[in-house]
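Trainee: Please read through the structure below; I'll follow up with questions.
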Amino acid sequence: MNKELNYEEGLFNYIVLKEEKEVIFYLHNPYPDCLKIPDIMKQRFPSDYKSIVVNSLDDFKKYGAKS
């Protein structure tokens with residue numbers, strides 16, 4: 001699996017799973033930050049990538065631990 005990890009704060013806290021074409025965002029309190037995700041996806045990722053929002057840090061870490 002080819003992945004990219006970004007553990008900065010806020011909407012910059014994401015994991016990219018390149019083979020699955022998924023971007024996992026960790027937002028402890030998703031609203032209203034989740035409203036910015038479509039713009040971020042258009043700016044940073046190809047159109048065939050999909051976004052997933054998790055609000056559990058444990059779930060987010062599980063995505064980062066995938067091999």
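Trainee: Condition first: within 13 Å of the chain's Cα centre (by Cα) and part of a helix (DSSP H, G or I). Now tell me which residues in the range 43-67 satisfy that.
Mentor: Selection gives ARG44, LEU57, ASP59, PHE60, LYS61, LYS62, TYR63, GLY64.
Trainee: Oh, and also: Which of the residues spanning the range 29-63 are surrounded by 15 or more Cβ atoms within 10 Å (Cβ to Cβ) and within 22 Å of GLU19 (Cα to Cα)?
Mentor: ILE37, ILE40, MET41, PHE45, TYR49, SER51, ILE52, VAL53, VAL54, PHE60, TYR63
Trainee: Something else about it: Name every residue in the range 25-42 that is free of Cβ contacts under 8 Å to residues at least 24 places away in the same chain and under 12 Å from the mean Cα position of the chain (by Cα), in order of residue number.
Mentor: CYS34, PRO38, MET41
Rule-based calculations on the coordinates, nothing more; no lab input. Keep in mind the model is a prediction, meaning the values are calculated, not measured. In this analysis, Cβ positions are derived from the backbone assuming ideal geometry, glycine residues included, and neighbour counts consider all displayed protein chains.
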